[in-house]
Amino acid sequence: MAFVSLKAWRARSAERAEIAARLKQDLIAALGLGQGDALAVNEIACADPGCPDLETIVLVMRAGAPIRALRIQRTMDAVDGDDIAALVAEDRLGEPSR
C-alpha cells in the first residue's frame, strides 16, 4: 500500500474540484440552464462490465422537471467537446443514458 501525504491529497482534491467546476460551467452553458436550475458533476467508480473504472455522472435538475442522471463514460479530466455535445443531445431527446 502506497503512502499518500496529506499535502499531495489536498493538491489532488483541489485539482479535481477545479476540473469539476470548469466542466460544470461548460455544461450549464451547453444545456442552457437558467437561474432556477441546478447541475451536479461527480466522478464515481463504475463496476459494470465494459465500463471504465471511473465515469462522470451529471445530474441535471431543471425547475419543475424530474432530475435527469446522465453518464459520460470517461473521467472528468478526459471529457471533451464531443462528450458534451452527445450529453446535450441525449438530454434533449430525453433518452436514458448508456
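The values are calculated or read from the model by the stated rules, or taken from the named source; none is laboratory data. These figures come from a predicted structure and were not determined experimentally. Here the Cβ is made from the backbone with ideal geometry for all residues, glycine too, and neighbour counts use every protein chain on show. Side chains included, ligands, DNA and RNA excluded: accessible areas come from the protein's heavy atoms. Shrake-Rupley method; radii C 1.70, N 1.55, O 1.52, S 1.80 Å.
Tabulated values for the structure
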quantity	calculated
Order by protection proxy (mean Cβ within 10 Å, highest first), peptides 70-80, 41-51	70-80, 41-51
Karplus-derived HN-Hα couplings along the stretch 10-17 (A = 6.51, B = -1.76, C = 1.60, θ = phi - 60°), whole Hz, x at Gly and Pro	5, 5, 5, 4, 5, 5, 5, 5
Accessible carbon and sulfur surface of the chain relative to its total accessible area, %, 1.4 Å	56 percent
Farthest toward positive dipole pole in the chain [+1 Lys/Arg, -1 Asp/Glu at C-beta], among G32, M61, I84	M61
Dipole magnitude of the chain, debye to nearest 20 (Cβ charges: Lys/Arg +1, Asp/Glu -1, about Cα centre)	360 debye
Residues with amide H under 5 Å from that of A38, placed H, sequence gap 5 or more	M61, R62, A63
From the coordinates shown, semi-axes √(5λ) of the Cα gyration tensor in Å corresponds to which of (1) 31, 17, 10; (2) 26, 17, 11; (3) 29, 14, 10	(2)
Relative contact order (percent, whole number), the chain, Cα cutoff 8 Å, 6+ residue spacing	20 percent
Helical contribution to [θ] at 222 nm, DSSP H n ≥ 4, -39,500 (n - 2.57), averaged over the chain, rounded to 500	-13500 deg cm²/dmol
Degrees separating the helix 81-93 axis from the principal Cα axis of the chain, which is the longest one	40 degrees
Extended-chain gain in nm, criterion 0.36 nm per residue less alpha-carbon gap, A45 and V4	12.8 nm
